[in-house]
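Undergrad: My questions all concern the structure below.
The values are calculated or read from the model by the stated rules, or taken from the named source; none is laboratory data. Model, not experiment: these values are computed from the prediction. Positions of Cβ are generated from backbone atoms using ideal geometry, with glycine treated the same way; all protein chains shown enter the neighbour counts.
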Amino acid sequence: MLDFLTIYIATIIFVFGTVIGSFLNVLIYRLPIGLEFVKTNSMCTDCKHRLYWYDLFPLFSWIFLGGKCRYCKSKISPRYPIVEALNGIFYVLIYFFICGGKAIDGLNLTLVGYMIVFSCLIVTAWIDFEHQIIPDSMWISIFIGGLFIVGDSVIKGEFTKEYIISKIIGLFAVSVFFLLIGLLSRGAWMGGGDVKLMAAAGFVLGWKAIIVSMFFGAFAGVLFAIGRKIVSKKAMRGVIPFGPFLSIGIGICAFIGESIFNWYLNMFI
Ligand SMILES: [Zn+2]
């Protein structure tokens, strides 16, 4: 059952997640247009008024300001609270998956690694959806998150040959397949960003889970395409970026992908 300590830790992790989430919003806005995201002050994208800490309070600022800029009253995208809340929820879920609701003793690199991975997935999904690009900094950070997780298994003595082989095969399991599709279609069906994303995520998840996540991603993409066709009633307009759906697939399969893979195999054996 949930005891007080668990709720207390989960609350702190949620708040921490929303704070990181507000930084992710900065990345989502600034990475595609190449603005420096450390030195520049935060400002309203409409009136350019400088924003202060009380304008940038995760979740609450947007809610209390009614989704409008304090200075010019122009609408602030609901993306801000959505990304903050999503990142907070993901961090709490990761905490339950990794630590099982127990106290965290010392620095848990596995926890940190998965937090990096999930935050990057949010940024990747959002930027790719809006701009059809996957910034290199994102898949590189996902790979670094994977190194944190592997490093932790070494420290804890849980590192096995089988474990690292699964991750190394994971690097290539889906990415090489995507690379071939990209080369055969001359980049029309698959972009380089998708290839690199699936290589980095394959290292984090291992080969079984990354293969399952590819199917989830494809399924989500097809559902979206059908949904958009029904809603817009027009013929398919423009390309649908694959990155957001791959990110959803990776997120779903990060912890349960391997179980799904084994369950599926067992149906035939
Ligand atoms: Zn403004």
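Undergrad: Go through (1) closer than 14 Å to Ile210 by Cα; (2) modelled with pLDDT under 95; (3) of a type outside the set (Lys, Arg) for Val176 and report which single condition fails.
TA: The one condition Val176 does not meet is (2).
Undergrad: Might you check whether a residue that is surrounded by 12 or more Cβ atoms within 10 Å (Cβ to Cβ) and away from the ligand (no atom under 16 Å from the Cβ) occurs anywhere in region 42-56?
TA: no
Undergrad: For region 63-79, give me the residue count where each residue is outside any loop (DSSP other than H, G, I, E, B) and away from the ligand (no atom under 13 Å from the Cβ).
TA: So the answer is 3.
Undergrad: Does region 127-143 hold any residues that are among the β-branched types (Val, Ile, Thr) and surrounded by fewer than 21 Cβ atoms within 10 Å (Cβ to Cβ), and which are they?
TA: Ile133, Ile140, listed by residue number.
Undergrad: When you look at Val154, is it more than 19 Å from Pro32 (Cα to Cα), assigned by TED's automatic domain parsing to the domain that holds Trp189 and at pLDDT below 95, yes or no?
TA: Criteria met by Val154.
Undergrad: Also, I was wondering about something else. At pLDDT 95 or above, touching a helix residue (DSSP H, G or I) at 6+ places or on another chain (Cβ under 7 Å) and in the same structural domain as Glu258 (by TED's automatic domain parsing): is that true of Ala125 in this structure?
TA: Judged against the criteria, Ala125 is not a match.
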